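Worksheet: one structure, shown below.
The values are calculated or read from the model by the stated rules, or taken from the named source; none is laboratory data. Quick caveat: nothing in here was measured; it's all calculated off a predicted structure. For neighbour counting, all protein chains shown are included, and Cβ atoms are generated from backbone atoms with ideal geometry for every residue, glycine included. We work out accessible area using only protein heavy atoms, side chains counted, and drop any ligands, DNA or RNA first. Shrake-Rupley method; radii C 1.70, N 1.55, O 1.52, S 1.80 Å.
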Amino acid sequence: MIAGDVPGLKGAIFRRAVKAKLDRYHLDGSLTHPLWDRLVFRKVSAVLGWNIKLVACGSAPVNPEVLDFLRIALSCDVWEGKIAIFFPLRTRG
């Protein structure tokens with residue numbers, strides 16, 4: 001992860017925040033953390049908007065680690081569409 005490769009204090013804080021939120025998510029399914037959301041992840045929410053409730057993605061399969069990171073970084077549910085559904089069109093005539 002490029003952001004996690006930042007040296008120094010900022011990188012260490014970011015890596016610790018990601019690890020703490022991932023551990024908590026895998027333990028009890030919680031997407032929020034009172035400390036790390038305030039210190040690190042609110043910047044992501046500020047850029048994308050504060051009211052994100054759901055992110056849906058489809059097309060190629062997404063790595064589960066990426067989905068977990070998106071869940072904790074955005075503090076919202078992330079759904080992945082696994083199958084394409086095609087609706088046949090009928091023409092009159």
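Between the amide H of ASP77 and those of VAL55, distances stay under 5 Å, these residues lying 5 or more places away or on another chain, with hydrogens modeled in the peptide plane.
For segment 35-82, the solvent-accessible area works out to 69 Å² per residue, with a probe of 1.4 Å and every protein chain left in place. Distance between the modelled labels on HIS26 and VAL47, one decimal in nanometres: 2.5 nm (7 Å Cα→Cβ projection).
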